[in-house]
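Participant: Structure in structure tokens, see below.
The values are calculated or read from the model by the stated rules, or taken from the named source; none is laboratory data. Computed from a prediction, not measured in an experiment: that's the story for all the values here. For neighbour counting, all protein chains shown are included, and Cβ atoms are generated from backbone atoms with ideal geometry for every residue, glycine included.
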Amino acid sequence: MPQPRRSASGTFTAAEYRRLVTESSFQEKVVQTAELGGWWVWHDNDSRRNRGGLPDLILIRPPRVIFAELKKHDGRVRSAQQKVLGLLADCPDVESYLWRPDDFEAIEQTLARRGSASRRR
């Protein structure tokens, strides 16, 4: 596998970084950010026996509840995941998101907000 090229400054370009980020490392970063912000975090470490579609993370910090599906830059959302995210979007006061590494600034802003949900996607 070819090594990613580094820019003149010695860092990876944004496109190269996106290709290198795994869903697991992205999830670790999101979980760490959430926990530092006082969120209770749930993730099923072995979902093979569960019904498909439940998002990767459930985050709770009253009065807010967030369901977050995490995908790497080019990760595909399965139909069961799309269905559940659609059902969640129809639930008042429940926030549901599909997050990718490029969304990290928005993720930090979402997790920093206090009070009731003001935005869902």
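Participant: Pick from segment 1-47 the residues that are within 17 Å of the chain's Cα centre (by Cα) and β-branched (Val, Ile, Thr): which of them is modelled with the lowest pLDDT?
Facilitator: Step by step, filter segment 1-47, then rank; the result is Val21.
Participant: Taking segment 72-99, which residues are over 18 Å from Ala34 (Cβ atoms), of a type in the set (A, V, I, L, M, F, W, C) and buried (at least 18 other Cβ atoms within 10 Å of the Cβ)?
Facilitator: If the condition is that a residue be over 18 Å from Ala34 (Cβ atoms), of a type in the set (A, V, I, L, M, F, W, C) and buried (at least 18 other Cβ atoms within 10 Å of the Cβ), then Val84, Leu85 are the ones that fit.
Participant: Given the residues Asp103, Asp90, Asp46, Asp74, which is the only one that is charged (D, E, K, R) and in contact with a strand residue (DSSP E or B) (Cβ under 9 Å, 6 or more places away or on another chain)?
Facilitator: Details: Asp90 fails: in contact with a strand residue (DSSP E or B) (Cβ under 9 Å, 6 or more places away or on another chain); Asp46 fails: in contact with a strand residue (DSSP E or B) (Cβ under 9 Å, 6 or more places away or on another chain); Asp74 fails: in contact with a strand residue (DSSP E or B) (Cβ under 9 Å, 6 or more places away or on another chain).
Being charged (D, E, K, R) and in contact with a strand residue (DSSP E or B) (Cβ under 9 Å, 6 or more places away or on another chain) holds for just one of Asp103, Asp90, Asp46, Asp74, which is Asp103.
Participant: Can you say whether Ile107 is on the phi < 0 side of the Ramachandran plot and touching a residue at least 60 places away in the same chain (Cβ under 8 Å), as far as the supplied structure shows?
Facilitator: Against the criterion (on the phi < 0 side of the Ramachandran plot and touching a residue at least 60 places away in the same chain (Cβ under 8 Å)), Ile107 qualifies.
Participant: Which residue pairs have Cβ atoms under 8 Å apart, sit 6 or more places apart or on different chains, and have a first residue in segment 52-67 that is farther than 19 Å from Lys83 by Cα and a second that is surrounded by fewer than 19 Cβ atoms within 10 Å (Cβ to Cβ) and at pLDDT below 95?
Facilitator: Within 8 Å, the pairs are Pro63/Asp93; Pro63/Gly115; Pro63/Ser116; Arg64/Arg113; Arg64/Gly115; Arg64/Ser116; Arg64/Ala117.
Participant: Can I ask one more? Taking Glu69 as the residue in question, decide whether it is closer than 24 Å to Glu105 by Cα, modelled with pLDDT of 95 or more and in contact with a helix residue (DSSP H, G or I) (Cβ under 7 Å, 6 or more places away or on another chain).
Facilitator: Yes, satisfied.
Participant: Please specify each residue of segment 44-71 satisfying the condition of being of a type in the set (D, E, K, R) and under 23 Å from Thr33 (Cα atoms).
Facilitator: Residues satisfying the conditions are Asp44, Asp46, Asp56, Arg61, Arg64, Glu69, Lys71.
Participant: Name the residues in segment 100-121 that are at pLDDT 95 or above and loosely packed, with under 12 Cβ neighbours inside 10 Å, would you?
Facilitator: Of everything in segment 100-121, those that are at pLDDT 95 or above and loosely packed, with under 12 Cβ neighbours inside 10 Å turn out to be Gln109, Ala112.
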